[in-house]
Amino acid sequence: MGGSAFPNLTISRIPHTIYNTLFHQHLKPLLTPYYQILRPPPSPGKTSHGDLDLLALPLRGGFNGSLPTHLSALATTTIKNSPATSYAIPFPPSLGKTGIFQLDIHICHTKHQLQWTFFHHSYGDFCTIIRRLLVGTGLKLDDEGLHIRQGRGLLTLSTEPDEVLRFLGLDVDMFHRGDWRGLGEMFEVVKTAGGGEGLGGGVFADVCGGGGGGRGEGEDAAALAAEWFGKMEEYKEMVEVAERREREEDRWRVVMEGLPLKTEREKNLTVRLLRARWEMMGETEGELEKFAEENWREEWRRALQNEESWSAAFGKPSR
């Protein structure tokens, strides 16, 4: 949360000079008996940090006592539905700094989730840069893996960090060493990814404009990715489903445009009921237009009756 979880407390930034000591000598010993702990490396070049982020996988049931008390926390907060909890903790006196720092602990439930979350949170904006450069390629990187998005379909290509790095043409060893001199160098390394086992020098170089390889965008990049990860059959099936769904949407658009009704609302409500009835019959490739012509009046009346029932119960619906 960048040190902003406690607006009513004065949270100090953590100087980089004591950042590692704070983790290794004070926090890690308190937590490792109960959790497998990983600390994603921070954004390169920082001289201070808004908070300290930890990933924790409970061991043998985790910690049974009060973790805030165990950490000497003055306050805690958790965003609804978030796996992370923030703690406001006084600096240990031995570090020679007074004040309060923010510790964020993100609980993971499997070792695999722990490893992927570590990758996804490493070096601050590392994965943010990748996501921005993947825009328009049909590929999506999120907190669960690398995917192809096709319409409403999502095909997971990989949840293995090193495999994803190799696909993107990025140096796996460099990532684990983190030896870039600053954020600018990290950005350039990602942007101009070359070599490795990626798509002819990495998807960035060709699709995102760095390499001029002419690989193309969108479906081309997605197909190449599916081939690289050995998921071409699943990709073809997803494309077929998306194309079939688009053809179905086109047919329903034609039906709606042909209905002799006055308002778009009437058309939408009627088509919604027609479509539900059509799908209940198990029809996908039948004579939709004939079905609509024979049944639209009945469904239109049902739509009007539903409107009247709604109005009687809740008042006139918004338009």
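Within segment 1-49, the set of residues being outside any loop (DSSP other than H, G, I, E, B), closer than 25 Å to Lys111 by Cα and of a type in the set (A, V, I, L, M, F, W, C) comprises Leu22, Phe23, Leu27, Leu30, Leu31, Ile37, Leu38.
Just to be sure, is Lys28 in contact (Cβ under 8 Å) with a residue 60 or more places away in the chain, over 27 Å from Glu185 (Cβ atoms) and either out of contact with any Pro (no Cβ under 9 Å at 6 or more places or on another chain) or open to solvent by less than 60 Å² (accessible area, probe 1.4 Å) (or both)?
On the way: in contact (Cβ under 8 Å) with a residue 60 or more places away in the chain: no; over 27 Å from Glu185 (Cβ atoms): yes; either out of contact with any Pro (no Cβ under 9 Å at 6 or more places or on another chain) or open to solvent by less than 60 Å² (accessible area, probe 1.4 Å) (or both): yes.
No, not satisfied.
Close contacts from segment 62-76, counting a first residue that is of a type outside the set (A, V, I, L, M) and a second that is part of a helix (DSSP H, G or I), with Cβ to Cβ under 7 Å and a gap of 6+ residues or different chains, come to Phe63/His70; His70/Leu30; Thr76/Pro68. Of a type in the set (Lys, Arg) and under 19 Å from Tyr19 (Cβ atoms): does that describe Lys111? No: the conditions fail for Lys111. When Tyr35 is tested against the conditions (1) open to solvent by 30 Å² or more (accessible area, probe 1.4 Å); (2) more than 20 Å from the chain's Cα centre (by Cα); (3) among the hydroxyl-bearing types (Ser, Thr, Tyr), the lone failure is (1). Residue count for segment 290-319 under the criterion of being modelled with pLDDT of 85 or more and either among the acidic types (Asp, Glu) or within 15 Å of Met256 (Cα to Cα) (or both): the result is 11.
Could we say that Asp104 is among the charged types (D, E, K, R) and touching a Lys or Arg at 6+ places or on another chain (Cβ under 8 Å) here? Spell out the reasoning first.
Working: among the charged types (D, E, K, R): yes; touching a Lys or Arg at 6+ places or on another chain (Cβ under 8 Å): no.
Here the answer is no, as Asp104 does not meet what is asked.
Leu165: part of a helix (DSSP H, G or I) and open to solvent by less than 40 Å² (accessible area, probe 1.4 Å), yes or no? Considered against the rule, which asks whether it is part of a helix (DSSP H, G or I) and open to solvent by less than 40 Å² (accessible area, probe 1.4 Å), Leu165 comes out as yes.
The values are calculated or read from the model by the stated rules, or taken from the named source; none is laboratory data. In this text the structure is predicted, and so the values were computed from the model without any measurement. Positions of Cβ are generated from backbone atoms using ideal geometry, with glycine treated the same way; all protein chains shown enter the neighbour counts. All accessible areas refer to the heavy atoms of the entire protein, side chains included, with ligands and DNA or RNA removed. Shrake-Rupley method; radii C 1.70, N 1.55, O 1.52, S 1.80 Å.
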